Amino acid sequence: MSFVQNLVEYLRSSREEFSKVHWPTRQDTIRYSALVIGISVVIAAFFATLDFGLSHGVQAILAQKIGANSAAQPTPTVTSSSTDSSIQVTPATSAQGNNIQLTPTVQTTPGSGNVQINAVPVPSPSKPLAPVKP
């Protein structure tokens with residue numbers, strides 16, 4: 001058999017097989033499509049609700065942990081004067097009433113005029129330092 005005869009035979013048998021297929025009606029196609037879309041929407045709503053609940057739960061737990069840590073670690077106050085471009089860093093007071101040592105760092109953005117000042121509390125030693133005798 002030649003290539004052309006094989007091709008013609010293949011196309012004829014394909015057409016015959018297609019005539020044996022039971023094709024769904026227009027109504028069946030619409031019904032099945034609506035079912036797939038409906039189930040997809042329900043599953044999407046389920047996972048969106050699950051995601052929303054879990055993310056808010058994790059945020060609440062983290063806020064609780066961070067809130068407990070920030071209450072334990074006081075933070076300093078940074079204020080600036082609008083009249084003379086001076087900046088004042090007020091140390092925070094620990095639970096024992098001692099001022100916390102600060103390490104100020106200044107960052108400027110060239111050309112923007114913005115200055116960012118970070119005052120990071122330095123952990124104090126566990127035991128007070130003994131005075132140095134002359």
Where residues in segment 1-32 are assigned to a helix (DSSP H, G or I) and among the β-branched types (Val, Ile, Thr), which of them is surrounded by the fewest Cβ atoms within 10 Å (Cβ to Cβ)?
Val4
Does segment 55-63 contain any residue that is at pLDDT below 90 and part of a loop (DSSP other than H, G, I, E, B)?
no
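The values are calculated or read from the model by the stated rules, or taken from the named source; none is laboratory data. Since this is a predicted model, take the numbers as computed values, not measurements. Positions of Cβ are backbone-derived with ideal geometry, glycine not excepted, and every protein chain shown enters the neighbour counts.
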